[in-house]
Amino acid sequence: MIRRVVVSLVMGWTLFCTTGCWDRVEIDERGFVVGVGIDIPDEQEQGAAEEGNGFAERDYLVTYQLVVPSRLKRAGSSGSSDQSYFNITLRGDTLSSLTAKLSSKTSRSPFFEHLQVVIVSDQVARREGAFSDIMDYFVREKEMRRSLSVMVSNGKAKDILNIKPPNEEMPTKFIHSAAQNTQESSRMLEVSRLGKVHASLLKRDSFLIQLISITKEHNIFINGSALFDGRSNRFIGFLDGEDTAGTNYIRDLVKGGVINAKLNGQLVAYGIERVKRKMHAQITGEKQVTFYIDIHTMGTLEQIYKQMDITKKKIILTLEDRIDQDIARITNHVVKILQQDYGRDVLELGAYLSQEHYAQWEKIKDNWEEGENLFSKSKIIIKVNSIVKRTGNVIESEKD
């Protein structure tokens, strides 16, 4: 009896172990999707579509970038012409149906767990309900990671995924790496992760997303940001690189970059090493809010374009004052645009009030961006204090 029980247990355990990988798919049989670009079809693409479904005005043109694992090493070797990726572009009215269609267009089953970048064109983002519907698909799909990057393209997303970068094997890898270089430039927005974008959509907050475009030289360029209205979740305008830098200073997101200050008509490059922002708000009555924002920076003189005696304290103090003026100009300019042109709070001032002045915020939140638009009527007072920590390794670089 005991022997039968032992034999049964051993056989059961053996069956359990041997069936543990029944659904395994070999790596060379997977179609690794690493990038997705979403556009609106133009007239030619609409007319040349394989399948007419009667919903042309709602259709998307989606480009999938897939990796060819067997070619990854060969593509980087000298003299090899093998491309480590390929793009497939499909047209349809829903992303789920296009994913199903993708399975019939490639010999490998699509696999999205390694998806790095989703690029939505500005045309798609302007369409009512389109952006939130797209994000809903990526959030719900079980293979998608909430850490993937979401970007808006100024122009066609398809064209960006077709650019061949000079120092990477595939466009998506270049984009994913370049989008994280915020320590080198204050004009880049922080990476727009799917999880954070989803949170903004749920809270109905206005928000910014990283902007990507193609230069005249056909290079990929990540600079500036796309502004979305929190109520409609639609794209409503661009912020250029300088205005994006202004929002980064106010939101305490600057990790590095360079400020070109002028002294006696000559440029001096100030390399930012540290930025700290302090903010407090004063609420008078029920509807008047004043924000006091102090921005402190510390950095190094990285380049002086003309001979200047930087050993004199007066010169350094004057340079620091010029740097203060330039940062104040950048931040005040973006405040003016957001309050007067858009009336949308992407500076997260409302979030600050919600956290620090909850009782007062509850009274005014419905009129913050809508109704009386109290955000546009708020006073925002910015003060900047910059310190030149080091002047470089040499005192002078040229003689008169």
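The values are calculated or read from the model by the stated rules, or taken from the named source; none is laboratory data. These numbers come from a predicted model, not from an experiment. Heads up, the Cβs are rebuilt from the backbone with ideal geometry, glycines too, and the neighbour counts pull from every protein chain shown. In case anyone asks, the SASA skips ligands and DNA or RNA and just uses the protein heavy atoms, side chains included. Shrake-Rupley method; radii C 1.70, N 1.55, O 1.52, S 1.80 Å.
Given the Cα atoms of the range 88-184, and with Rh set as the inverse mean 1/r over their pairs in the Kirkwood sense, what is Rg to Rh to two decimals?
Numbers: Rg = 14.1 Å, Rh = 14.9 Å.
On the Cα set of the range 88-184, Rg over Rh gives 0.95.
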From largest to smallest, what semi-axes in whole angstrom does the range 322-392 give when each is the square root of 5 times an eigenvalue of its alpha carbon gyration tensor? 30, 15, 8
Paramagnetic label zone (point 7 Å from Cα along Cα-to-C-beta, HIS114; backbone N under 18 Å) in the range 180-213: none
Quick one: which residues, 5+ away or cross-chain, put their amide H under 5 Å from the amide H of GLU273? H built at 1.01 Å from N. MET298, GLY299, THR300
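Going from the alpha-carbon gyration tensor of the range 247-394, what semi-axes, largest first and in whole Å, does one get by taking the root of 5 times each eigenvalue? If you can, show how the numbers build up before the last one.
Working: eigenvalues 266, 38, 27 Å².
After diagonalising the Cα gyration tensor, the semi-axes are 36, 14, 12 Å.
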Going residue by residue through the range 185-195, the Karplus relation 6.51 cos²θ - 1.76 cosθ + 1.60 with θ = phi - 60° gives ³J(HN,Hα) values, rounded to whole Hz and with x marking Gly or Pro, of 8, 7, 8, 9, 6, 4, 4, 8, 6, 4, x
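Local charge sum around THR244 (other residues, Cβ-Cβ under 13 Å, Lys/Arg +1, Asp/Glu -1)? Spell out each step's value before the answer.
On the way: positive: ARG187, ARG251; negative: GLU190, ASP240, GLU242, ASP243.
Overall, the nearby charge balance is -2.
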Can you return the lysines within cross-link range of LYS312? Criterion is Cα-Cα under 24 Å, with same-chain partners fewer than 8 residues away left out. LYS262, LYS389, LYS399
Looking only at lysines whose Cα falls under 17 Å of LYS173's and that sit 8 or more positions away or on another chain, we get LYS73, LYS158, LYS164
Against the 2.2 N^0.38 Å rule of thumb, the C-alpha Rg of the range 122-163 sits at a ratio of 1.28
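Name the trypsin sites (Lys or Arg not before Pro) in the range 188-222 that are in a loop by DSSP and that have at most 11 other C-beta atoms within 10 Å, would you? Could the numbers behind the result be given before it?
On the way: sites: ARG193, LYS196, LYS203, ARG204, LYS216; in loops: ARG204, LYS216.
Answer by residue number: LYS216.
How much length is gained on full extension from LYS287 to GLN325, taking 0.36 nm per residue of separation minus their Cα-Cα distance?
On the way: separation 38, 0.36 × 38 = 13.68 nm, distance 3.03 nm.
Extending this stretch completely gives an extra 10.7 nm.
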Computing the accessible area with a 1.4 Å probe over protein heavy atoms, can you report the carbon and sulfur percentage for the range 247-394? 44 percent
Taking the Cα centre of the range 247-394 as origin, sum charge times position over the Cβ atoms of Lys and Arg (+1) and Asp and Glu (-1), and report the length of that vector in debye to the nearest 20. 740 debye
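So in the range 247-394, what percent of DSSP beta bridges are antiparallel if you round to the nearest 5? Walk me through the numbers on the way to the answer.
Details: 23 of 34 bridges.
Counting DSSP beta bridges with both partners in the range 247-394, the antiparallel share is about 70 percent.
Tell me the per residue accessible area of the range 82-206 using a 1.4 Å probe; a whole number in Å² is fine.
Details: 5720 Å² over 125 residues.
Here the per-residue accessible area is 46 Å².
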Quick one: which residues, 5+ away or cross-chain, put their amide H under 5 Å from the amide H of TYR60? H built at 1.01 Å from N. GLY92, ASP93
